[in-house]
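Here the structure is laid out as structure tokens; the discussion comes afterwards.
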Amino acid sequence: MGGYLEMISEPAHVKKLTEPQLEELAREVREELISTLSRTGGHLGPNLGVVELTIAMHKIFSTPHDKFVWDVSHQCYVHKLLTGRQEGFRKIRQTDGLNGFALRTESDHDSFGAGHAGTALSAALGMCAARDQKGSDENVVCVFGDAALTNGISFEALNNISHTTKKFIGILNDNEWSIDKNVGAISKYLNKIITNPGYNRLHDDLSKLVKKLPKGDFAVRLGNRAEGALKAEVAGSSLSHEPPVLVDGRGGTASSVIFEEFGIRYLGPLDGHNLPLMVKSLEYAKNCDHPVVLHVLTKKGKGYNAALQQPEKFHGLGPYNAETGETPSAKPGSAPNWQDVFGRQMVKLCGRDNQLVGITAAMPSGTGLKHLRDELPDRYFDVGIAEEHAVIFAAGMATMDFRPVVAIYSTFLQRAYDCIIHDVALQDLPVTFCMDRAGLSANDGPTHHGLFDIAYLRPVPNIIAMAPRHEDELADMMFTASRQNHPAFIRYPRGAAEGAAVKDEPAMLEVGKAEVVQNFAGNGKPKVALFGLGPMFTIAQNAAKQLADDYDCALINPRFTKPIDEGTTEYFAKAADRVVTIEDHVIAGGYGSIVADLLVEKGVSTRVERVGWPDQFIEHASSVSELREKYGLTADAIVARIRGEKKASKAAAASDESSAVA
């Protein structure tokens, strides 16, 4: 880090730079992004694409008085670099470093936290409404991507902007990508605007006006209704399959740009890498007395060839070689990632069952459904960042004798909770939900941890909920789910699986039946029944090995969190001196709570140790193992508690010792 970037300790310093100095700053920022993220990993492509835009925003506006709201906020690294966080940036997404998303507790310059798509327009509008109520003068600038427009929440906000406030500044950062290539009619609509020659000639003329006319005169001219009509006339022939209709019942033009139909002034498309143009355009927007959206075209990965050539890979990745862009190869013999096990198994199952289809919400790579997309594309649906639609869409298919498999991260499925209950479970439809990232997403932090799904699914009638301990069991559960006439949910974590071989033919599991891997030996030692849910079974095994000299341990793989195996659970609880449940989930409402409630109901008074995550949002860190060590989700910590050792007080923060007696 050096040059102008090193001198910027607050955004006010950006305002002092000349146009050539700002261009040099942009070059330095790109170098810093490429260098730092090569060591830490992160969202490189999106941030390389917004360098000029972010610099221009800080040139024109004054945070924290003015408010920047970023949709998803994975593209706010440049903003962090320009707001006094350069030191922490060197460890971004690492333990004790900056969070990879906007975080209100991290800086006053982060006015709204995020991590999920589609929230920025609503949040920014809420800020505008609050400002208007208070009579204050903050500018609220909302940066949202073209991918956010595939999300229904964004349109709910757009529907409310013009009649809620007179001053709203939106920036449509259009790079044609979310994580994967954008899909659907909105993407095609924006592309037609971008590629229409007549529209771009109009845009060029408007850009010349920006340069030549006084701001006040320009605002008056741009506010003229004729501008919308002219845009519609130029763009209408390519934006509509039907002949253009000149007048509609509201006195406007039926083929007008969609934002103007919402009562929002539209300006664009604009070159998002033309820094002087960005500065002038934002200055104009700042002085508008009506809602405005600037349509800014950016290139994901701008300034780094490897990222330009592989935008999906460089959307978000781990450490890489800064010179070549290459990432470390997996070690020979290492276990595959859970998502790839799921994806390949989907291909197998779909090849044998014509009723199965796969559905993702803009995450073909992250969920592993890219395997189905590549091999059986007619059985694959990507609905964009629209989790609610994905769930109801699946429900509709299920009414027509299909068996949809919806692959959505645990944390993102939270967004469709009502749809799960109202549209799937209430109608008892055979939709399978495969929830990747159930557990920690260490580098991303609390917006992406999947720690609540057992609790939020627990009270829902008609469902089956499962957690595999290894790859082969995931295959069995997927096959079992495909043969049920009820909604089914399968949770599994991010990253490498357990290394278990997957048999050629999956087995049908008995629903609600646990697997007893190791029974009590009857050797007279104190008995401990260890229930390790999903991959946490490995931790239970390791704890049992350490306890073997002093305790008689039983090992149970629960498999199901709904319905749980009541008979097996009650049997081992009655036989044991202590029951230990271990889960990659919050303790409150989790699997251990289900077990404890059952034992209360059955009148079993055996002591229950519930090991899981505490009742707080878990921070980001360099690795899952660091967080497990900190919060006591390790074999060593469990052994210490069972032996009554006062090992680390941190373990007590995460393990809840409770009696199952009411």
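The values are calculated or read from the model by the stated rules, or taken from the named source; none is laboratory data. Just so you know, these numbers come straight off a predicted model, no measurement behind them. Heads up, the Cβs are rebuilt from the backbone with ideal geometry, glycines too, and the neighbour counts pull from every protein chain shown. Surface areas here come from the heavy atoms of the whole protein model, side chains and all, with no ligands, DNA or RNA. Shrake-Rupley method; radii C 1.70, N 1.55, O 1.52, S 1.80 Å.
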Only listed residue being small (Gly, Ala, Ser), farther than 14 Å from Phe68 by Cβ, open to solvent by 20 Å² or more (accessible area, probe 1.4 Å) and modelled with pLDDT under 95, chosen from Gly152, Gly115:
Gly152
Tell me the residue from Asp444, Asp472 that is touching a residue at least 12 places away in the same chain (Cβ under 8 Å) and assigned to a loop (DSSP other than H, G, I, E, B), please.
Asp444
Count of segment 567-625 residues which are in a strand (DSSP E or B), open to solvent by less than 20 Å² (accessible area, probe 1.4 Å) and farther than 25 Å from Thr105 by Cβ
8
Out of all the residues in segment 53-72, which are within 26 Å of Pro319 (Cβ to Cβ), at pLDDT 95 or above and either open to solvent by 10 Å² or more (accessible area, probe 1.4 Å) or among the polar types (S, T, N, Q) (or both)?
Thr54
Here is a check on your reading of the model: is Phe101 part of a loop (DSSP other than H, G, I, E, B) and either surrounded by 24 or more Cβ atoms within 10 Å (Cβ to Cβ) or free of Cβ contacts under 8 Å to residues at least 24 places away in the same chain (or both)?
yes
Taking the options Val511, Val517, name whichever one is open to solvent by 40 Å² or more (accessible area, probe 1.4 Å), outside any loop (DSSP other than H, G, I, E, B) and either on the phi > 0 side of the Ramachandran plot or of a type in the set (Val, Ile, Thr) (or both).
Val517
How many residues are part of a helix (DSSP H, G or I), of a type outside the set (D, E, K, R), open to solvent by 20 Å² or more (accessible area, probe 1.4 Å) and within 19 Å of Gln484 (Cβ to Cβ) when one looks only at segment 412-428?
1
Met536 is checked against (1) in a helix (DSSP H, G or I); (2) more than 30 Å from Gly343 (Cα to Cα); (3) in contact (Cβ under 8 Å) with a residue 40 or more places away in the chain; (4) not acidic (Asp, Glu) and fails just one. What number does that condition carry?
(2)
Here are some residues: Lys192, Lys134, Lys166. Which one is in contact with a Ser or Thr (Cβ under 8 Å, 6 or more places away or on another chain), of a type in the set (Lys, Arg), farther than 22 Å from Ala102 by Cβ and at pLDDT 55 or above?
Lys192
Exclusive hit being under 24 Å from the mean Cα position of the chain (by Cα), open to solvent by less than 60 Å² (accessible area, probe 1.4 Å) and at pLDDT below 95, set Gly268, Gly318, Gly343:
Gly318
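So that you can scan it fast, the table gives a plain yes or no per residue for (1) hydrophobic (A, V, I, L, M, F, W, C); (2) in contact with an Asp or Glu (Cβ under 9 Å, 6 or more places away or on another chain):
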{"site": "Gly343", "(1), (2)": "no, no"}
{"site": "Gln355", "(1), (2)": "no, yes"}
{"site": "Asp378", "(1), (2)": "no, no"}
{"site": "Glu388", "(1), (2)": "no, yes"}
{"site": "Arg403", "(1), (2)": "no, yes"}
{"site": "Cys419", "(1), (2)": "yes, yes"}
